[in-house]
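**Student:** One structure follows; several queries about it will come next.
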Amino acid sequence: MSFMQVIDLKVHYPIRGGFFNTIVDWVYAVDGIDMEFEQGKTYGLVGESGCGKSTTGKAIIGLEKITSGKILFEGEDVTRERRSRTSRFHREVQMIFQDSHSSLNPRKRIADILAEPIRNFLHLTPREESRKIGELLEIVGLPQDAKEKYPHEFSGGQKQRINIARALATHPKMIIADEPVSALDLSVQAQVLNFMKDVQREFGLTYLFISHDLGVVKHMCDTIFIMYKGRFVERGTKEDIYGNSKHLYTKRLLSSIPATTPVGREKRKRARKEFEKVYEKMIHKAFDQNGRVYDLIPVSDTHYVSAPSARELLEIGKESEMGGSR
Ligand SMILES: Nc1ncnc2c1ncn2[C@@H]1O[C@H](COP(=O)(O)OP(=O)(O)OP(=O)(O)O)[C@@H](O)[C@H]1O
Ligand SMILES: [Mg+2]
C-alpha cells in the first residue's frame, strides 16, 4: 500500500521578456507525472541534466509552487499544507541536496544546525535536546565533539552525514535525496550510499533518490522512474529497467554507464557508438510531433513505457534491438 501519491504533477515556469516584461513562453519543467511511494522502499528518479528531477523533488516537499496536480499523504490531500514549514507533512518528508556544503549555514555550529529542526517540530527540554543531538551524531558516525565545530571543519562526506543527521532529526518517513553523492569522490560515494542504506533499514525510511546516472542508483532502488523533458518515458522495477528496458532513451542511459574494466570499457565504447546510430535514427518515433513524451503504457504490473500505442512500442523496441540495449 502506498502512503504517498503524486498525481498529475505539473510545474511550469514563465519566461518573461519584452518591454513590459510579460510572459512570452513557458518552461514545462515537470509536465504531468504520477508516482506512488510505499514505506521502506527506495525509488530512483533518473534523467539527464535539466529534465526536471530537482523541480519534482522540490515541488513534492513544497519548496516549489506547482502549476497543477495533487500530493496525497496518508490518504489526505496535502498539496496546500505542504508549503507550511510547521506542517506534519513537512516533518515527515525531508530533503537533502547535492551540495552538502552550501546547504549548511557556515556561521552556525553543528549543534545549532541540528537543533533547528528539533526546535521546529519536537518540544524538548535543553537537556533532552542535547542528548538528541548526541544520538544523531552517533547514528551518522560522527564524534561527539563535532557539536562545537563549524561546517568548514568537515570533509565533503562528513558534511553530507551532517545533512543526513539533520534530515533524520524529525523522524521522517521519507527522504528525498537530490544527487546526494555526486559531489563526492568515488570511494566516499560508496561509503555514503552504504550508510544511507543502513539508516534506511534501521528507521524503515522511504527514499526518493535523484540521479543523472543509472549506474549510481542501480544497487539502491526497488523502482525507477526515467524522466525526459518533464515526463516519464519509462518506470519499472530494478529488473524491468536494467534487464528489460524498452524505451530508447532508457537504453541510451544504460549504454552510458561506464564499464569497470579496461577491456569492458573498449567493448562498451564500441557498443555505445553503434547504439548512438540507432538512437539518432529512431528517437523521433518515441515522441509526438511536438517532441512531447507519450503517455505511459503498461507492459506488466510493474513496468510502464511511454509509446504512441502498444503496437508501436513493440516495433520501436524490435528495431532498436539491432543496436543492442547494452
Ligand atoms: N526557477 C526557474 N525558473 C525558470 N526555469 C527553471 C527554474 N528552475 C528550473 N528551471 C528549468 O526547469 C528545467 C528543469 O530543471 P531542474 O533543475 O529540475 O533539472 P534537473 O533534472 O534537476 O537537472 P540537473 O541534473 O542539472 O540538476 C530546466 O530546463 C531548468 O532550466
Ligand atoms: Mg537537479
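The values are calculated or read from the model by the stated rules, or taken from the named source; none is laboratory data. Quick caveat: nothing in here was measured; it's all calculated off a predicted structure. Using ideal geometry, Cβ is built from the backbone for each residue, glycine included, and neighbour counts are taken over all protein chains shown.
**Student:** Could you list all residues from the range 150-166 that are surrounded by 23 or more Cβ atoms within 10 Å (Cβ to Cβ) and out of contact with any Phe, Trp or Tyr (no Cβ under 8 Å at 6 or more places or on another chain)?
**Tutor:** Q160, A165
**Student:** Restricting to the range 196-215, name every residue that is among the β-branched types (V, I, T) and assigned to a loop (DSSP other than H, G, I, E, B).
**Tutor:** Selection gives nothing.
**Student:** Checking A271 against (1) surrounded by 12 or more Cβ atoms within 10 Å (Cβ to Cβ); (2) more than 27 Å from the chain's Cα centre (by Cα); (3) farther than 18 Å from L214 by Cα, which test does it fail?
**Tutor:** Every condition holds for A271 apart from (3).
**Student:** Could you list, in sequence order, the residues of the range 43-92 that are of a type in the set (A, V, I, L, M), within 16 Å of ligand 1 (Cβ to nearest atom) and in a strand (DSSP E or B)?
**Tutor:** L45, V46
**Student:** Give just the number: which of (1) over 24 Å from K65 (Cβ atoms); (2) loosely packed, with under 14 Cβ neighbours inside 10 Å; (3) without any contact (Cβ under 8 Å) to a residue 24 or more places away in the chain does S84 not satisfy?
**Tutor:** Of (1) over 24 Å from K65 (Cβ atoms); (2) loosely packed, with under 14 Cβ neighbours inside 10 Å; (3) without any contact (Cβ under 8 Å) to a residue 24 or more places away in the chain, only one is false for S84: (1).
**Student:** Next question, about the same structure. Do you know which residues across the range 212-237 are touching a strand residue (DSSP E or B) at 6+ places or on another chain (Cβ under 7 Å) and more than 23 Å from F287 (Cβ to Cβ)?
**Tutor:** Selection gives V217, M220, C221, D222, T223, T237.
**Student:** Moving on to the next point. Residue under question is T125, and the condition is that it be of a type in the set (S, T, Y), surrounded by fewer than 16 Cβ atoms within 10 Å (Cβ to Cβ) and either closer than 29 Å to M1 by Cβ or in contact with a strand residue (DSSP E or B) (Cβ under 6 Å, 6 or more places away or on another chain) (or both); does it hold?
**Tutor:** no
**Student:** Another question, if that's okay. Among the residues in the range 20-42, are any within 14 Å of ligand 2 (Cβ to nearest atom), outside any strand (DSSP E or B), in contact (Cβ under 8 Å) with a residue 60 or more places away in the chain and on the phi > 0 side of the Ramachandran plot?
**Tutor:** The answer is no, given that none of the residues of the range 20-42 is within 14 Å of ligand 2 (Cβ to nearest atom), outside any strand (DSSP E or B), in contact (Cβ under 8 Å) with a residue 60 or more places away in the chain and on the phi > 0 side of the Ramachandran plot.
**Student:** Now, a different point. Return only the number of the condition from (1) within 16 Å of ligand 2 (Cβ to nearest atom); (2) more than 21 Å from the chain's Cα centre (by Cα) that S54 does not satisfy.
**Tutor:** (2)
**Student:** Moving on to the next point. Say whether the condition of being under 19 Å from the mean Cα position of the chain (by Cα), surrounded by fewer than 15 Cβ atoms within 10 Å (Cβ to Cβ) and without any contact (Cβ under 8 Å) to a residue 12 or more places away in the chain is met by at least one residue in the range 61-68. Give the derivation first.
**Tutor:** Just the residues of the range 61-68 that are under 19 Å from the mean Cα position of the chain (by Cα), to begin with: 61-66.
Filter once more, so that each one left must be surrounded by fewer than 15 Cβ atoms within 10 Å (Cβ to Cβ): 63, 65.
Of the ones still in play, those that are also without any contact (Cβ under 8 Å) to a residue 12 or more places away in the chain are none.
Checked against the condition, which is being under 19 Å from the mean Cα position of the chain (by Cα), surrounded by fewer than 15 Cβ atoms within 10 Å (Cβ to Cβ) and without any contact (Cβ under 8 Å) to a residue 12 or more places away in the chain, the range 61-68 yields no hits at all.
**Student:** Another question, if that's okay. Of L142, L136, L186, L168, which residue is out of contact with any Pro (no Cβ under 7 Å at 6 or more places or on another chain), of a type in the set (A, V, I, L, M), closer than 23 Å to E36 by Cα and modelled with pLDDT under 95?
**Tutor:** Answer to the selection: L168.
**Student:** Filter the range 10-19 down to the residues that are away from ligand 2 (no atom under 16 Å from the Cβ) and under 21 Å from F225 (Cβ atoms) and list them by number. So that I can check it myself, show each step before the final result.
**Tutor:** If we filter the range 10-19 for residues that are away from ligand 2 (no atom under 16 Å from the Cβ), which is where we start, we get 10, 12, 14-19.
Residues satisfying the conditions are K10, H12.
**Student:** When the range 1-40 is examined, which residues are found to be surrounded by fewer than 16 Cβ atoms within 10 Å (Cβ to Cβ), within 15 Å of the chain's Cα centre (by Cα) and more than 20 Å from E76 (Cα to Cα)?
**Tutor:** none
**Student:** Which residue is farthest from ligand 1 (Cβ to nearest atom), if the candidates are limited to the range 168-191 and must be β-branched (V, I, T) and crowded, with 22+ Cβ neighbours inside 10 Å?
**Tutor:** Out of the qualifying residues, it is I175.
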